[in-house]
Amino acid sequence: MLARLVRLAPLLRLSPGITCGLLCLVCLALASSNLVDAAGLLAGLQALFGAPDAGMDALVLHFSWWPRLMMSLLAGGGLALAGVLMQQVLRNPLAAPTTLGVASGANLALMATTLMAPGLLVVGREWVALLGGGLAMALVFALAWRRGLAPVVVVLGGLVVNLYLGALSIVLLLFHQQELKGLLIWGAGSLAQNDWGGVAFLAPRLALGALTAWLLLRPMAVLELDDASARSLGVSLRNLRLAGLGLAVFLTGCVVSVVGVIGFIGLAAPNIVRLAGARRLGPRLLWSTLLGALLLATTDQLLQRYSGQVSGLVPTGAVTATLGAPLLIWLIPRLKLRGDQPPAGATAPAGRHHAPLRLAGGLAIALASVTVLALLVGQTAGGWSWQSPADWDVLQWRLPRVLASAGCGVMLALAGTLIQRVTANPMASPEVLGISGGSAIALILAIFLLPSPDNLTLVGVGTLGAMASLAVLIIFNGRSGLLPERLLLTGVAITAAFDGVRATVLAGGDPRAQQVIAWLSGSTYYVDLTSGLVVLGLALLLALASSPLARWLDILPLGAATSRALGIDLNRSRLLLLLLVALLTATATLVVGPLSFVGLLAPHLARLLGFLRAGMHLLGSALTGALLMVLADWVGRQLLFPQEIPAGIVASLLGGAYFMWGLRRL
Amino acid sequence: MTLLTRSSPVRRPRPLLARHALLFALAMAMLLSAPLAMAASPRIATLDWTLAETLQALGTPPAAVAQIEAYHDWVGKPRLPDSVIDLGLRTQPNLELLADLDPDRILISPMFANLTPRLSRIAPVENFSLYSPGKNTWKEMRQLTRGVAAVVNRPGAAEQLIDTTEARIRELRQQLPDNIPPLLVVQFMDARHVRVFGDNGLYQAVMKRLGLENAWPGDTNAWGFSLVGLEALANLDARLVVVKPYPAGVRAALEQSGLWQGLKQQSQGEPLVLPPVWSFGALPSAQRFAEQLTTALETADAR
């Protein structure tokens, strides 16, 4: 429906108003037909105003159907409003309401409270969630405070806080799946209601937020200028950003605490509105809020209409993400982005090391020692022990994992460095590009739909998924010359679809979900010796292959004009680099799962260490990635012995801690 | 019940403790009149709690089980003996530790089948399925009990376990009051969602043997439940049965919920609240659920 609607765009001269109007009609039609099916239009409308004595049907309508409709409108509007604010302040079309870690903070707070102080949940889970989200935001602000809340630092801080809290939640989830199964439903964003309490909580807060946004309208418009011009107008950028982001986080926190994580709306609604032609901040805020509300309500009405055909619960939040993804992918080529200008200050500045080669040597020595440690030291039933290098009985279990973690560390780090340098976007990582997301979707479907898939089938299916993602990336962006920003948006869309599939699967409560969590979070558990050797060999080969590309990587971030002037064929170089990134990511994902985040962290870590020129950056990242993964794998196996924490999680925790420390120092 | 669950003295010492072997053997010789049984029952490691529960009920507790602490929380009674070693996560048992323990057999369920190549490098692996869609659950439960008993060379114990459980459930069926309405068995996930149990699950299998009807008309997944919003329970002519635990804060939220109050009104009699039972369990869990359900129905009826 929506697709047809947007296809008419050029004929109708689609404006934000017309888009919202059409969507509103669709939503009304769906809602009233659902209402007629449930009880008849008149009885349905009566049920809105009470009448709990009029039988079960009216009761369900009054306490479930109507609050749900209201909730979907409120939540969608709130998230879209927060999304516009985020994108405005951070000057990044990839920014979403959850960018600053609000949802992951709320999630972790809820999980920890459930396990450690369930009494607090009786007081009110909304407050626990709000507090968690607030603390996560405070951490991000603390990290970026000294740099005046500069967008790049805020985005980086948000990313790493998101990762960190997400990794901690996965640890809790792995070990306490039974206790936390209810929270998985929350995590997937179910809009089901059974009284008016949620709406009563959310409505006044959103109204307050909208009012504040209106008051902030004029000063916020200044943020469209660059920093120097804004300052010359006498604006305190830091205070302005604090206000804007704080408001966005407050809105997000309120929504998330009531209905859980609803993906995509906050990212897509502002982008669609911009596509439809809203340029200035005021109209964008207004129309995005309306569009967000209508998008979520329409999706939810569609879902209620057709979910009867599947048994069990399909959470709305997960569905918006999954269904929204194709829409976003289709929209991206039509989106007016700043295009080929060099993005200003897109990478966090860091000091250059005076002798990068010596530093690399140090890293190599560290890597060698950690490898020896990981192979020979470990716990058994009898406690800590030191194995002799000849003891194959024990080494047969350890060697494949060390090989695979080193190999995957190298590959993900290289992929991350390539993609971050090409796109000049610090949020870019192989995970964001959607290639691992695609292969993960395929693998999850295979685990759940095939009776008992063996490992070879899984590898094949995963490869197919990765190739499908790559095809989508190239087909939909080929005509625009593989513009980095569009590639990333496409990747974000695929990743959003993956998040939706994952959340649905986890919320369903299938016991196999635990296996999925373990694999998703980056585990070397399933590696055997052959694949370990293959992975490491491939990693070294691809590392050699990428070193001649260093010149491109130094020049491409300078922008399209400069690159062309220096004789680089943009399309060809971008395609080649993209293929290389895809190959690196797909191989690593098939072994350690899609959520290791080494690809995001290692390039930043290398930069913080002082590897700045592309060639050195590649080398430094590869070494850092391998070091991080091998260390993480070993720590993960020992920390909670006999339980094993997946290497990807530990890598996020170790690397994230160092990263936060480095960010503070900037 | 107590007779079946008491840990049996036929456990062998672990080879690691070779120094104590002599001492142990002496103790065993004093305890056992038939030392032959020692050689007859192998050391078992299992990843699956249902199999662990069955092994324990057969009088041969496993030597190692995955996630013991969580086992005690969710499967509950009877506790595993303290000597049982924890293998780590069920989905990713610690292979180094398992290899070090060197069990004679490893028992798994189909959920862990993808680990078979790895595990079989350590010891022969046996795969037991329960709750397969389309199969008679109770029949499968008997088969599983016999199969596990065959692995530990105690076929007699299997027959005894099956007979006592079935006899006890027959007895309970006699005790049940007349005219019990169809039951709707749910477990709260949060204040807005429940798992409702139907075909292919433990609760359904037990209810069928007790001659009780399940009111859930919808489908269930391969694990015998369906996750639904509370509103899906409306307009069902049934008595609600809530299996604990309530997640934290849910009971307070339900007090406020207009929909839940309406559902309580609709229920044929006050909703019954049962203590937790491992919903993917085998015969011991089945008997426990039968006892609890019967007691709840009797007391509710007497009131």
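No value in this document is a laboratory result; all are computed from the given coordinates. All values reported here derive from a predicted model rather than from experimental measurement. Here the Cβ positions follow ideal geometry from the backbone for every residue, glycine too, while neighbour counts run over all protein chains shown.
Rounded to the nearest whole Hz, the Karplus-based 3J(HN,Hα) values (6.51 cos²θ - 1.76 cosθ + 1.60, θ = phi - 60°) of the range B:46-56 follow the sequence 9, 9, 9, 5, 4, 5, 4, 4, 5, 4, 4, with x at glycine and proline. Close amide H pairs (under 5 Å, H built 1.01 Å from N) link A:THR380 with A:SER385, residues at least 5 positions away or on another chain. Taking 12 Å as the straight-line reach from the Cα of B:LYS208, the aspartates and glutamates in range (excluding those fewer than 8 positions away in the same chain) are B:ASP199. Is the C-alpha gyration tensor of the range B:178-302 telling us rounded, prolate or oblate? Criteria: a/c under 1.5 is rounded; beyond that, a/b larger than b/c is prolate, otherwise oblate. Rounded, because the longest to shortest axis ratio a/c is under 1.5. Using 0.36 nm per residue and subtracting the Cα-Cα separation, the extra length available between A:ARG479 and A:ALA366 on full extension is 36.1 nm. For the range A:353-442, compute the orientation-averaged projected area of the C-alpha convex hull (one quarter of its surface), in nm². For the Cα atoms of the range A:353-442, the hull's average projected area reads 9.3 nm². Across the range A:529-543, computed HN-Hα scalar couplings (Karplus, 6.51 cos²θ - 1.76 cosθ + 1.60, θ = phi - 60°) run 4, 4, 5, x, 5, 4, 4, 5, x, 4, 4, 5, 4, 5, 4 Hz from first to last residue, x flagging Gly and Pro.
Using the Cα gyration tensor of the range A:2-334, with a ≥ b ≥ c the square roots of its eigenvalues, what is the shape: rounded (a/c below 1.5), prolate (a/b larger than b/c) or oblate (neither)? Oblate, since a/c reaches 1.5 and b/c is not below a/b. Inter-label distance, B:THR295 to A:VAL222: 7.0 nm, where each label sits 7 Å from its Cα along the C-beta direction.
Each part reduced to its alpha carbon centroid, the range B:104-136 and the range A:536-585 end up 47 Å apart.
How would the range B:75-133 be classified by its alpha-carbon gyration tensor: rounded, prolate or oblate, with rounded meaning a/c under 1.5 and the a/b versus b/c comparison settling the rest? It comes out oblate by the Cα gyration axes. Helix A:177-188 and the longest principal axis of the C-alpha atoms of chain A enclose an angle of approximately 60°. Taking the range A:519-584, which trypsin sites (Lys or Arg not before Pro) meet the DSSP loop condition and have no more than 11 other C-beta atoms within 10 Å? Nothing satisfies the criteria. Quick one: angle between helix A:356-376 and the longest Cα principal axis of chain A, in degrees between 0 and 90, rounded to 10, please. Helix A:356-376 sits roughly 90 degrees off the main axis of chain A. Protection proxy ranking, highest mean first, for peptides B:206-219, A:226-239: B:206-219, A:226-239, where packing is the per-residue count of other beta-carbon atoms within 10 Å, averaged. For B:LEU183, the residues whose modelled amide H falls within less than 5 Å of its own, excluding neighbours fewer than 5 places apart on the same chain, are B:GLU213, B:ASN214, B:ALA215, B:ARG239. With θ taken as phi - 60° and the Karplus curve 6.51 cos²θ - 1.76 cosθ + 1.60 applied, the whole-hertz 3J(HN,Hα) list for the range A:98-112 is 8, 4, 8, x, 5, 5, 6, x, 4, 4, 5, 4, 5, 5, 4 Hz, x standing for glycine and proline. Note on the range B:36-110: Cα-Cα pairs beyond 16 Å make up 43% of the total pair count. The GNM of chain B, with springs linking C-alpha atoms under 10 angstrom apart, assigns the highest mean-square fluctuation among B:SER279, B:SER120, B:SER267 to B:SER120. For B:GLU126, the residues whose modelled amide H falls within less than 5 Å of its own, excluding neighbours fewer than 5 places apart on the same chain, are B:ILE106, B:LEU107, B:ILE108.
Could you give me D for the protein assembly as shown, from Stokes-Einstein at 10 °C and 1.306 mPa s, where the hydrodynamic radius is the Kirkwood radius over C-alpha pairs? Units µm² s⁻¹, please. It comes out at roughly 53 µm²/s. Shielding value for A:373-379 is 1, the average number of Cβ atoms from other chains within 10 Å of each residue's Cβ. With Cα atoms defining each centre, the range A:274-328 and the range A:409-425 are spaced 32 Å apart in the structure. Helix A:647-665 and the long axis of chain A differ in direction by around 90°, with both axes built from C-alpha atoms. Helical runs (DSSP H, four residues minimum) scored at -39500 (n - 2.57) apiece and divided by the length of chain A put the mean residue ellipticity at 222 nm at -24000 deg cm²/dmol.
Could you compute the net charge surrounding B:SER257? Neighbours are other residues with a C-beta less than 9 Å from the C-beta of B:SER257; K and R count +1, D and E count -1. Net charge around B:SER257: -1.
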